[in-house]
Amino acid sequence: MLSILDVKKKLPQEFVTELYEQYTPLTVDKILSGMLGNRYTTLRVNTLMCNIRDLMSYLKQNNIKFERVGWYNDALIIKNANEKQIQKLDIYDKGYIYLQSLSSMIPPIVLDPKPGEKVLDLTAAPGSKTTQMAAMMNNEGYILANELDSIRCERLKYNIEKQGANIVEVINKRGEKIGEEYKEQFDKVLLDAPCSGEGRFLGTNVGTYRNWSTKTVKELAKLQKKLLKSAYQALKPDGIMVYSTCTLNKKENEEVLQWAIENLNLKLLDIDMDLKEKMQGFTEGLDKRISKAIRILPSKNMEGFFVAKLRK
């Protein structure tokens, strides 16, 4: 297994330098130790087709060890099987479960879509959060799931069909333009924005960080602001939006929120979730209300993530 020193040497040096600029040395060690090796496989039961009790009973019969997740009844941490092994099970083929990182389950929980509501998932592929929301809504209401990339869009359709999420309509458009086309039509909007993916870095997998650069981070921050404006336009007055990324830097997270507070009529709301990996959003040189956002530090169970809840 790698040491923290090994990971430091493997990851892009500019990224490591930026970590030390933004976090205390102790927190940097925590982040890097969360990037040492592979994370546990985690999954969510698809409550449209199965329930957690039946799933746990099935896993026990198949000698698969698991742990419950305290903050989410429908999620399990698998202790003795990897994703490929889980994909061989018939419950995977039937769409009874969805392999999904625990951190990725947080934005839909924070958004809390209710049966009968109209929800927009602005950048939806591969559909983990879309299908989670459909299950939370008990397949009652309407979800518009947008994806720009045509190949990823097909994957999104496949996952939605497999999970039996029949309240979802899939479209293949530029996310920045959706707000103008669907002005003030949605009760809730999820913007899980394209990002530099720093929260998913693993020292053992160069593919997770190969494409990272400070230039890419800057370009993505510009795109995130355009998408956030579009999400805002599509949201009804008094509607709720969740902005999330799987990255760790301020430029794509707090600074995007700062821009939103200054340019859009949005109010940050508290996120009431008991997560041991979470820390408050940074506020140094920024609006103090940004402390209401949460950052999840990477760990053996969780990918790094950032989540903010906003009201129009």
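Where a number appears in this text, it was derived from the coordinates with a stated rule and is not lab data. Everything numeric in this text was worked out from a predicted model, so none of it was measured. Positions of Cβ are backbone-derived with ideal geometry, glycine not excepted, and every protein chain shown enters the neighbour counts.
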Notebook entry, point to check: Considering only Ser3, Ile296, Cys246, whose Cα is most displaced toward the positive end of the charge dipole of the chain, charges sitting on Cβ of Lys, Arg (+1) and Asp, Glu (-1)?
Noted result: Ser3
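Taking every DSSP beta bridge that has both residues in the chain, what percent is antiparallel when rounded to the nearest 5?
Numbers: 27 of 44 bridges.
Taking every DSSP beta bridge with both residues in the chain, the antiparallel ones total about 60 percent.
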Checklist line | Positive minus negative residues near Phe66 (Lys, Arg vs Asp, Glu; Cβ under 9 Å) | finding: +3
Item checked: Global geometry of the chain, whether rounded, prolate or oblate, following the gyration tensor of its Cα atoms and the 1.5 cut on a/c -> oblate
Notebook entry, point to check: When the Cα centres of region 187-246 and region 24-89 are compared, how far apart do they sit, in Å?
Noted result: 24
Margin query: Quick check: net charge around Asn263, other residues with Cβ under 14 Å of its Cβ, Lys/Arg +1 and Asp/Glu -1?
Written below: +3
Next item on the list: Fewest Cβ neighbours within 10 Å first, please rank Lys30, Lys250 accordingly.
Entry: Lys30, Lys250
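For the ranges 159-167, 40-48, 185-193, what's the packing order if you count other beta-carbon atoms within 10 Å of each residue, average per peptide, and put the highest first?
Details: 159-167: 19.2, 40-48: 21.9, 185-193: 24.7.
Ranked by mean Cβ neighbours within 10 Å, highest first: 185-193, 40-48, 159-167.
Please go through the residue pairs Lys183/Lys225; Lys226/Lys309; Lys114/Lys188; Lys177/Lys267; Lys251/Lys292 and name each one whose alpha carbons sit more than 20 Å apart in this structure. Before the final figure, lay out the partial values.
Values: Lys183/Lys225 17 Å; Lys226/Lys309 18 Å; Lys114/Lys188 10 Å; Lys177/Lys267 23 Å; Lys251/Lys292 17 Å.
Lys177/Lys267, as the Cα separations exceed 20 Å there.
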Next item on the list: Within 10 Å, count the other beta carbons around each residue, average over each peptide in 276-286, 94-104, and list them highest first.
Entry: 94-104, 276-286
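Tell me, Cys195, Cys153 in order of fewest to most beta-carbon neighbours within 10 Å? Before the final figure, lay out the partial values.
Values: Cys195 26, Cys153 21.
So the residues, fewest neighbours to most, are Cys153, Cys195.
So how strong a dipole does the chain carry about its Cα centre when Lys and Arg Cβ are +1 and Asp and Glu Cβ are -1, to the nearest 20 debye?
Values: 48 positive and 40 negative charges, 84 e Å.
In total the dipole reaches around 400 debye.
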Margin query: Restricting to DSSP H runs of at least four residues, report the calculated mean residue ellipticity at 222 nm for the chain, -39500 (n - 2.57) per run over all residues, nearest 500 deg cm²/dmol.
Written below: -10500 deg cm²/dmol
Next item on the list: Treat the count of other C-beta atoms within 10 Å as a stand-in for reagent exposure and order Tyr209, Tyr58 from fewest to most.
Entry: Tyr58, Tyr209
Notebook entry, point to check: For labels at Thr24 and Glu67 in the simple 7 Å Cα→Cβ model, what's the distance in nm?
Noted result: 2.4
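With an 8 Å cut-off on Cα pairs and a minimum separation of 6 or more residues, tell me the relative contact order of the chain in percent. Each step should come with its number before you reach the end.
Numbers: 653 pairs, mean separation 58.6, N = 312.
RCO, the chain: 19 percent.
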Next item on the list: With unit charges on the beta carbon (Lys/Arg positive, Asp/Glu negative), name the residue among Gly127, Gln87, Gly164 whose Cα is farthest towards the positive pole of the charge dipole of the chain.
Entry: Gln87
